[in-house]
Amino acid sequence: MIYFDNAATSYPKPKEVGQAMMYFLEKVGATPGRSGHRLSIEAGRILYQARESLAELFNVDDPLRIIFTLNVTEALNLALKGLLRPGDQVITSSMEHNSVMRPLRELEKKGVEVKVVSCSPKGFLEPQDIEKSIRKNTRLIVLNHGSNVIGTLLPIIEVGKIARKYNILFLVDTAQTAGCYSLDIRKDNIDLLAFTGHKALYGPPGTGGLIIGERVDTKKLTPLKEGGTGSHSEFEEQPDFLPDIYESGTPNIVGLNGLKEGVRFVLAEGVDKIHQHEKNLIIRLIERLKEIPEVTLYGGDYRKEQVAVVSFNLKDKWPSEVGMRLDEEYDIMCRVGLHCSPATHKTIGTFPRGTVRFSMSWFNTLKEVDQAIMAIREIAKSV
Amino acid sequence: MKDNYSVVIFYSTSAAIRAESLAQKANLKIKLIPIPRHLSSDCGICLQFNNEDKQSIKEILKKNKIEYENIYKI
């Protein structure tokens, strides 16, 4: 079996991830931050260690500025709905996932101005186009780092500089890059970094978070939800300190112990080494796909940096048909269709048809790439 | 020997656990314990340390901007 659907959820996971989850269920079990007994304290330590490992990965000074959420979608919703008010303008790109676009379209109905800056058909964004869209009421710029459809990267460092220049906050959706591409919240000029645990951080589904940078005033970022935190229990109002202000209710501590191990795995292997391996895979895949005459490839020049995601179509074949045949005849798992991002498909010219998407991880091999290419060749030639 | 110890009471368990992690890295002998009943009605935890380490503990808290409610001798 070949699993090429890592942009949706990575599989397999390092074995330590599942072991840590089982360890928690069998040996710890308790709720962190609520009681004073040793199992609760141990659960609290696990939660803290998960934050600490992420802080190391993203170069965050204070691990308590890392807020855990269900996934990157919840993290993005917290940032967007927590910050934007009627009359504010927000700038984004035409390459965003629905996890950004849908909350923005909802906010638009409530009076937030949404400016979508166009990317080129190859998926590139000119930072000056962002700068030209800045108005007096611009409150936030939000961009994805790596495209979940074609794997191209947006120029976050440059846009981050522009955001600083105009004193605007900058939110980055790192769903496709956290863990496989070097990210530094300070060097990259990021104010709010949204990540998911279940992709290149190799944690389980149900884990993710939002990192609150030093420039963010938490008084102006309202929580998505209020509730029990184990702190300030004598008051009926939500506490105002991090992380409790944004973390109500019992967290997914089982999943977060798994995520902690996933992140430690990434740190031990090294982001640069993982990135280099995935780069080797994607270069081989794209080179071989280019040799097949029936293949139309989307996105930029692969020699520029990109994540291990590629989209293509076969002449006279529906993506859904290709996907089904890859699964049933060749045991290859991939994703076909619109990949939750109609904006990207309109930008690259594949709306509403969609594409076939291959996305790889640290656990894929060059041999698997070659096997997949043989399968694509056969399907392309078949009537 | 009980009067050789003090405790730091924090606003949250996360802060207490962060202080524990940082104090451990500085090789200080510390322990997380339930907050003594006479100090607070809260059911949370606090960080116990030897009185002789008071300066080091305070420096760690200051350097890492960890806010705390108070320090008590016990």
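Tabulated results
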quantity	calculated
Total formal charge among the other residues, if their Cβ is under 12 angstrom from that of residue A:111, Lys/Arg +1 and Asp/Glu -1	-1
Per-pair calculated FRET efficiency, R0 = 41 Å: residue B:62 and residue A:367 via Cβ, rounded to 0.05	0.15
Radius of gyration and maximum dimension Dmax of the range A:292-372, Cα, Å	12.8, 34
Leading residue at positive end of dipole, chain A (Cβ point charges), from A:21, A:76, A:258	A:76
Theoretical gain in end-to-end length, residue A:236 to residue A:276 [0.36 nm per residue, Cα-Cα removed]	9.3 nm
Extended-chain gain in nm, criterion 0.36 nm per residue less alpha-carbon gap, residue A:218 and residue A:328	34.6 nm
Label point 7 Å beyond Cα of residue A:137 along Cβ direction - residues of the range A:105-124 with amide nitrogen under 18 Å	A:105-117
DSSP loop trypsin sites (Lys or Arg not before Pro) with at most 11 other Cβ within 10 Å excluded, longest remaining stretch of chain B	B:1-28
Student exercise, the range A:1-139 dipole from Lys, Arg, Asp, Glu Cβ charges, in Debye to nearest 20	440 debye
Extended-chain gain in nm, criterion 0.36 nm per residue less alpha-carbon gap, residue A:126 and residue A:226	32.1 nm
On Cα atoms only, tilt of A:72-83 relative to the major axis of chain A in degrees	60 degrees
The range A:46-164: projected area of the alpha-carbon convex hull, averaged over directions, in nm²	8.2 nm²
Proximal aspartates and glutamates relative to residue A:290, as straight alpha-carbon distance under 20 Å, when same-chain residues fewer than 8 apart are discounted	A:278, A:301, A:305, A:316, A:368, A:370, A:378
Size of electric dipole in the range B:2-73: Cβ of Lys, Arg +1 and of Asp, Glu -1, about Cα centre, debye, nearest 20	140 debye
Exceeding the 23 Å Cα-Cα cut-off - candidates A:13/B:25; A:81/A:225; A:260/B:25; B:29/B:62; A:279/A:346	A:13/B:25; A:279/A:346
Residues of type lysines that residue B:31 reaches as a straight line, Cα spacing below 17 Å, ignoring anything fewer than 8 places off in the same chain	B:2, B:54, B:58, B:73
Charge dipole (chain A, unit charges on Cβ, about Cα centre) - positive-most of A:111, A:4, A:365	A:111
On Cα atoms only, tilt of A:271-290 relative to the major axis of chain A in degrees	30 degrees
Proximal charge balance of residue A:2 [Cβ under 9 Å; K/R count +1, D/E count -1]	-2
Residue B:38/residue A:305 FRET efficiency (R0 56 Å; Cβ-Cβ; nearest 0.05)	0.40
A:186, A:284, A:335 arranged by Cβ crowding within 10 Å, fewest neighbours leading	A:186, A:284, A:335
Local electrostatic count, residue A:42, Cβ distance below 12 Å [Lys/Arg +1, Asp/Glu -1]	+2
Value at 222 nm in deg cm²/dmol, rounded to 500, when DSSP H runs of n ≥ 4 in chain A each add -39,500 (n - 2.57)	-11500 deg cm²/dmol
Shape box of the range B:2-73 [Cα atoms, principal axes, largest first, Å]	30, 26, 15
Charge dipole magnitude, Cβ of K and R +1, D and E -1 - chain A, Cα centre, debye nearest 20	780 debye
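Quick note: the coordinates plus some simple rules give every number you see, no bench work behind them. It should be emphasised that the depicted structure is a prediction, and the values quoted were computed from it without experimental measurement. Cβ atoms come from the backbone with ideal geometry, glycine included; neighbour counts cover every protein chain shown.
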